[in-house]
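Below you'll find the structure, written out as structure tokens, and then a few comments.
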Amino acid sequence: MGENSERKAWMGLLARAPAADLDRLWRAVGPMPEHEWLRAPEVGAVMVRGRAGAEGAAFNLGEMVVTRCAVRLADGRVGHGHVQGRGKDHAEQAALIDALMQGDEAARLRGAVLDPLARAEAARRADRAGKAAATRVDFFTLVRGED
């Protein structure tokens, strides 16, 4: 996996993670690193676009509330966080982790924050798939010999 695709993966994981789970894991890591705001956490809206059947012409589905943040660590590394909803702390934590993942702390953060979040996400997906499978209906067609 390339560096950009790895970063895309951890940023997506941080954005999808429940804010409470991320907060608990982040606080266990240790003190917040020294940083400055490039963009303080701010709430806004983005237009969500869709396609019928994933093939047709794009259309505006509606707006979604998002929070974004950008930080610069004391050593110059820059991190960004974009999360759904109004979670300013969530966006800040995501931005700080993004910046830290670009340095020597990456392995420690992967083990302490990202891996537990990935396991929890996989468990949620498996639970959701199990619930959906329980409602599955198999349709079949009987062929009558009269036709």
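When only residues in the stretch 1-34 that are under 12 Å from the mean Cα position of the chain (by Cα) and assigned to a loop (DSSP other than H, G, I, E, B) count, which is surrounded by the fewest Cβ atoms within 10 Å (Cβ to Cβ)? Once the filter is applied, the top-ranked residue is Pro18. Here the helices (runs of 4 or more DSSP H) wholly within the stretch 69-147 that include at least 1 residues being under 14 Å from the mean Cα position of the chain (by Cα), surrounded by 18 or more Cβ atoms within 10 Å (Cβ to Cβ) and among the β-branched types (Val, Ile, Thr) are 88-100.
Has the stretch 54-68 got at least one residue that is closer than 25 Å to Asn4 by Cβ, out of contact with any strand residue (DSSP E or B) (no Cβ under 6 Å at 6 or more places or on another chain) and modelled with pLDDT under 95? The answer is yes; a qualifying residue exists.
A residue that is β-branched (Val, Ile, Thr), modelled with pLDDT of 95 or more, over 19 Å from Val29 (Cβ atoms) and out of contact with any Gly (no Cβ under 6 Å at 6 or more places or on another chain) cannot be found anywhere in the stretch 88-98. Give the stretch 44-69 a look and list any residue that's over 17 Å from Arg86 (Cα atoms) and among the hydrophobic types (A, V, I, L, M, F, W, C), or say none. Selection gives Ala52, Ala54, Ala57, Ala58, Phe59, Leu61.
Quick check on the stretch 35-49. Is at least one of its residues more than 22 Å from Ser5 (Cβ to Cβ), crowded, with 17+ Cβ neighbours inside 10 Å and modelled with pLDDT of 95 or more? Yes, there is a match, as at least one residue in the stretch 35-49 is more than 22 Å from Ser5 (Cβ to Cβ), crowded, with 17+ Cβ neighbours inside 10 Å and modelled with pLDDT of 95 or more. The one condition from (1) of a type in the set (D, E, K, R); (2) modelled with pLDDT under 95; (3) within 12 Å of Leu38 (Cβ to Cβ) that Glu105 does not meet is (3). Scanning the stretch 39-93 for residues that are in contact with a Leu (Cβ under 9 Å, 6 or more places away or on another chain) and farther than 26 Å from Ala20 by Cβ returns Met47, Arg49, Gly50, Arg72, Arg77, Val78.
The values are calculated or read from the model by the stated rules, or taken from the named source; none is laboratory data. Quantities reported herein were computed from a predicted structural model and do not represent experimental measurements. Positions of Cβ are generated from backbone atoms using ideal geometry, with glycine treated the same way; all protein chains shown enter the neighbour counts.
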